[in-house]
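Participant: Right, I'll just put the structure down here and ask away after.
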Amino acid sequence: MRPRSLLPESSPQRSPGPDTDRGRQAPHITIETMAKRLMLAVVGAGIGALAGLLIDYLGAGTPALVAGAAAGALIPQFVLGAPGK
């Protein structure tokens, strides 16, 4: 049994014209923009891990390292918003 296609075989491929709603298009993202965001995540994870190390030293336990690294990597991505904005 062969997999079904998402488009019917008889439907022609139409290029979107002025009468069709193309919806919201994704912004143009360059590799440089994505590399900067990746570097920011890595640096944020390092700084968060250092903060987690301090919290671990104060007695919270080793999971503080992982939580600090995760927070340092993820929070800046949410603050910056979607790429391309």
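Participant: Answer yes or no: is there a residue in the stretch 68-81 that is over 30 Å from His28 (Cα atoms), more than 13 Å from the chain's Cα centre (by Cα) and loosely packed, with under 15 Cβ neighbours inside 10 Å.
Facilitator: no
Let's see how each residue does on (1) at pLDDT below 55; (2) more than 14 Å from Pro76 (Cα to Cα); (3) touching a strand residue (DSSP E or B) at 6+ places or on another chain (Cβ under 6 Å); (4) part of a helix (DSSP H, G or I):
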| position | (1), (2), (3), (4) |
| --- | --- |
| Pro3 | no, yes, no, no |
| Gln13 | no, yes, no, no |
| Asp21 | yes, yes, no, no |
| Ala26 | no, yes, no, no |
| Arg37 | no, no, no, yes |
| Ala45 | no, no, no, yes |
| Gly48 | no, no, no, yes |
| Gly52 | no, yes, no, yes |
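Participant: While we're looking at this one, here's another question. Could you give me the residue pairs with C-beta distances under 7 Å whose first residue belongs to the stretch 63-85 and is on the phi > 0 side of the Ramachandran plot, whose second residue is not in a helix (DSSP H, G or I) wherever it lies, and which are 6+ apart or on separate chains?
Facilitator: The qualifying pairs are Gly84/Pro27; Gly84/His28; Gly84/Ile29.
The values are calculated or read from the model by the stated rules, or taken from the named source; none is laboratory data. Quantities reported herein were computed from a predicted structural model and do not represent experimental measurements. Reconstructed Cβ throughout: ideal geometry from the backbone, glycine too, with neighbour counts over all protein chains shown.
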